[in-house]
Amino acid sequence: MMSYELAIVGAGPAGYSAGIYAVRSGIKTIIFDKGIGGGLASLAPKIENYAGFESIPGAELMEKMKKHASKYADIHFNEEVKRIEKSNEGFNVETIHEKYAVKAVILCTGTEHRKLEAPGEKEFYGKGVSYCATCDGYFFRNKKVAVIGGGNSAVIEAIFLKQIGCKEVYLIHRRDMLRAEKALEEEAREKQINILLNKIVEKIDGKEKVEQLNLRDTVNHETSDIQVDGVFISIGEKPQNGLAEQLKIKLDSNGYIVVDKQQRTNIRGVYAAGDITGGIRQIVTACAEGAIAGITAAEVLGKKYPY
């Protein structure tokens, strides 16, 4: 069994930041990620609200963070953590490849895309249904697409799809106004994106691939169909809290981990940072929470950060 002082689960903005601060405090640290790292931030077509970068693709920003963090912590990609158990010395972390003994854990497991739960969504996944415009948008150039959602992410994806050459882009939202920032909404309208309000998706329809959406108006309850080749679902995220539940960590009513100002959970030696703690869920706040968690864990382990 390999030994580290600190294990960080999740290589996104919070995990990278926590790793940097922990190692700079003198803590031997390992970071695990079940994929290639970056979290949902890496899927953003562009990021314009992270200080120091007027506009940068999410994947590029995450690559810069990964390069920085890898100078300090050991990072194991494609190594999913399956179980964490308390031990006499701290915790035993079991991944798909190995077992590790650690003294403290920081959970930066983030969130995953929320499903629409509409008929046809599951059947047509990969056949016109997607949760990532950055990943799959280029397959739909010169075609008609729809984005489902009304927040910043949905509007950004709609703008991105228009920019890469989709013939027609619909933005479908169930309420009477978008939740996105006004500047983003104005940009969407300037780019002639078709914004359909008070509409819900009754069914995603087609034969071998997506061909149309069946919509219902939430005000007059009338139904209508629009012909599309692709559907991008962007209706928010849900917390990846499986490991937290294993450890019996306190969660809020929405399933997010409850932490104090030092990112401590109700389980001694376990901290949490980033989107998994709920709140604003921005890259800058994830980095800040990661830094706090890394410093707190280090100080509890007897290493004070060199302020």
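The values are calculated or read from the model by the stated rules, or taken from the named source; none is laboratory data. These numbers were taken from a predicted model, which means no experiment stands behind them. Ideal geometry is used to build each Cβ from the backbone, glycine not excepted, and the neighbour counts take in all protein chains shown.
Among the residues making up the stretch 238-248, a single one is free of Cβ contacts under 8 Å to residues at least 40 places away in the same chain and in contact with a strand residue (DSSP E or B) (Cβ under 8 Å, 6 or more places away or on another chain): GLU245.
Would you confirm, using the coordinates I've provided, whether GLU85 is at pLDDT 95 or above, under 19 Å from the mean Cα position of the chain (by Cα) and of a type in the set (Asp, Glu)? Answer is no for this residue. The selection criterion, being free of Cβ contacts under 8 Å to residues at least 60 places away in the same chain and within 24 Å of the chain's Cα centre (by Cα), holds for VAL259. What number goes with the only condition from (1) of a type in the set (Asp, Glu); (2) under 14 Å from the mean Cα position of the chain (by Cα); (3) more than 30 Å from ILE164 (Cβ to Cβ) that ASP33 does not pass? Failing condition for ASP33: (3). Looking only at residues of the stretch 25-40 that are of a type outside the set (A, V, I, L, M, F, W, C) and in contact with a helix residue (DSSP H, G or I) (Cβ under 8 Å, 6 or more places away or on another chain), we find that the one that is surrounded by the fewest Cβ atoms within 10 Å (Cβ to Cβ) is GLY26. Residue count for the stretch 214-244 under the criterion of being more than 17 Å from GLY274 (Cα to Cα) and either of a type in the set (Gly, Ala, Ser) or under 26 Å from the mean Cα position of the chain (by Cα) (or both): the result is 8.
Which residues, counting only those in the stretch 89-114, are out of contact with any helix residue (DSSP H, G or I) (no Cβ under 9 Å at 6 or more places or on another chain) and modelled with pLDDT under 95? Scanning the stretch 89-114 gives GLU89, ARG114. Applying a threshold of 8 Å to beta carbon distances and a minimum spacing of six or more residues, or different chains, the list of pairs starting in the stretch 219-237 at a residue that is within 26 Å of TYR138 (Cβ to Cβ) and ending at one that is buried (at least 24 other Cβ atoms within 10 Å of the Cβ) and among the acidic types (Asp, Glu) reads PHE232/GLU157; SER234/GLU157; GLU237/ASP275.
Scanning the stretch 256-278 turns up at least one residue that is of a type outside the set (A, V, I, L, M, F, W, C) and within 17 Å of LEU43 (Cα to Cα). When GLY128 is tested against (1) small (Gly, Ala, Ser); (2) closer than 15 Å to LYS46 by Cβ; (3) touching a helix residue (DSSP H, G or I) at 6+ places or on another chain (Cβ under 9 Å), only condition (2) is not met. Taking the listed residues GLU187, GLU202, GLU222, the one that is assigned by TED's automatic domain parsing to the domain that holds SER153, among the charged types (D, E, K, R) and surrounded by fewer than 16 Cβ atoms within 10 Å (Cβ to Cβ) is GLU222, with no other qualifying.
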